[in-house]
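K.L.:
First, the structure itself, so that you have it in front of you.
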């Protein structure tokens, strides 16, 4: 069962409560009877692998774009390479 952090809006009392997902949120402070609010923090989940980050999809797109870009750059290089042997042969 998950642990939820609560803080009282009136007295500032903070505590953790272990509750099931189906349990309703706590609304009353056990210290003063004031209104509670849930505290949200970072979660302990890590997403690993390709496709989880913005840069992953861009790298794939840019690598296919770079592949297309490197083919024309290879063509002019081979074109200038073709000119060089022709010049060497002349």
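The values are calculated or read from the model by the stated rules, or taken from the named source; none is laboratory data. No experiment lies behind these values; they were computed from the predicted model shown. FYI the Cβ positions are ideal-geometry reconstructions off the backbone, even for glycines, and counts take in every protein chain you see.
K.L.:
Scan the range 5-18 residue by residue and report those that are surrounded by 15 or more Cβ atoms within 10 Å (Cβ to Cβ) and under 28 Å from the mean Cα position of the chain (by Cα).
P.N.:
Selection gives 6 alone.
K.L.:
Same structure, new question: Need the failing condition index for residue 50 against (1) at pLDDT 55 or above; (2) out of contact with any helix residue (DSSP H, G or I) (no Cβ under 9 Å at 6 or more places or on another chain), just the number.
P.N.:
Of (1) at pLDDT 55 or above; (2) out of contact with any helix residue (DSSP H, G or I) (no Cβ under 9 Å at 6 or more places or on another chain), only one is false for residue 50: (2).
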